[in-house]
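The values are calculated or read from the model by the stated rules, or taken from the named source; none is laboratory data. Keep in mind the model is a prediction, meaning the values are calculated, not measured. All Cβ positions, glycine included, derive from the backbone under ideal geometry; neighbour counts span all protein chains shown. Surface areas here come from the heavy atoms of the whole protein model, side chains and all, with no ligands, DNA or RNA. Shrake-Rupley method; radii C 1.70, N 1.55, O 1.52, S 1.80 Å.
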Amino acid sequence: MPKTQNANKEMRVNSDFNQRIVIKPDDYQWIPSPVAGIERMMFDRIGNESARATSMVRYKPNSQFSTHSHHGGEEILVLEGVFSDEKGDYPAGSYIRNPIGTSHVPKVGAEGATIFVKLKQFAAADTEQKSIDTTAQNWLPGVVNGLTVMPLHEFEGQHTALVKWAPNTVFNPHKHWGGEEILVLDGVFYDEHGAYPKGSWLRSPHLSQHTPYTKDEGATIFVKVGHLPNE
């Protein structure tokens, strides 16, 4: 379950990056946003409305978020429906990066949309703006049989990718330098600590380790490494 603390009126949700956090779909707690028709599931957060945050955001049909600037950058993976702004439409499978200083007016149409979004987590020098349709990209061979990878972004030791696991694939035991964050997009992902169905979010701290694998279901995950505090 999300672990929330209030200190000096600042919202803090899973803000200790030395802790391993696992949130499964049965743990979700959807909270209305200040904008009608939009609600969010907070995975981690430091701050109130202007926050360093990792969330899943659900837009009801024909809803629109207010105009806003990205003071610390914005990273989005569209999970369901079609997410839009004044620059275009982004169907499910779209990966979007809006660097520090950009702005937009998010909106959705009759389908609604669900997105995974990370706010205020960009380095100042990470200025590349991206929009990738992952449904039209090639998968590359992984480092073990049964694994294919779609790189999405790299910057100064941080790596973001989609990883597709064939059924009954076992990865090497490994440590996470700079941490690891996973959102399970399909199937069931496993390691020695448990089983993580579609919709599960895992955050593993700097120098944690595990041996991930799949069973008959296989899995597809969004994975980000090297981006968590390593003090």
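So which of 148, 169, 127 is open to solvent by 40 Å² or more (accessible area, probe 1.4 Å), among the β-branched types (Val, Ile, Thr) and under 26 Å from residue 213 (Cα atoms)? Give the derivation first.
Numbers: 169 fails: open to solvent by 40 Å² or more (accessible area, probe 1.4 Å); 127 fails: under 26 Å from residue 213 (Cα atoms).
Exactly one of 148, 169, 127 is open to solvent by 40 Å² or more (accessible area, probe 1.4 Å), among the β-branched types (Val, Ile, Thr) and under 26 Å from residue 213 (Cα atoms), namely 148.
Quick one: how many residues across region 205-223 are within 19 Å of the chain's Cα centre (by Cα) and either of a type in the set (A, V, I, L, M, F, W, C) or open to solvent by less than 10 Å² (accessible area, probe 1.4 Å) (or both)? Qualifying residue count for the region: 5. The set of residues from region 43-84 being among the hydrophobic types (A, V, I, L, M, F, W, C), open to solvent by 10 Å² or more (accessible area, probe 1.4 Å) and free of Cβ contacts under 8 Å to residues at least 40 places away in the same chain comprises 46, 82. Of the strands (runs of 3 or more DSSP E) lying entirely inside region 126-231, those containing at least 1 residues that are small (Gly, Ala, Ser) are 130-133, 158-165, 180-191, 194-197, 201-204, 208-210, 219-225. Kindly indicate whether residue 114 is open to solvent by 40 Å² or more (accessible area, probe 1.4 Å), in contact with a strand residue (DSSP E or B) (Cβ under 9 Å, 6 or more places away or on another chain) and either part of a strand (DSSP E or B) or within 25 Å of residue 56 (Cβ to Cβ) (or both). When the stated conditions are applied, residue 114 does not pass them. Residue check: is residue 164 over 30 Å from residue 213 (Cβ atoms), in contact with a Gly (Cβ under 9 Å, 6 or more places away or on another chain), surrounded by 13 or more Cβ atoms within 10 Å (Cβ to Cβ) and in contact (Cβ under 8 Å) with a residue 24 or more places away in the chain? Considered against the rule, which asks whether it is over 30 Å from residue 213 (Cβ atoms), in contact with a Gly (Cβ under 9 Å, 6 or more places away or on another chain), surrounded by 13 or more Cβ atoms within 10 Å (Cβ to Cβ) and in contact (Cβ under 8 Å) with a residue 24 or more places away in the chain, residue 164 comes out as no. Annotation note: Cβ proximity below 6 Å between a residue of region 128-148 that is on the phi > 0 side of the Ramachandran plot and a residue that is assigned to a loop (DSSP other than H, G, I, E, B) (sequence gap 6+ or interchain) occurs for 146/166; 146/169.
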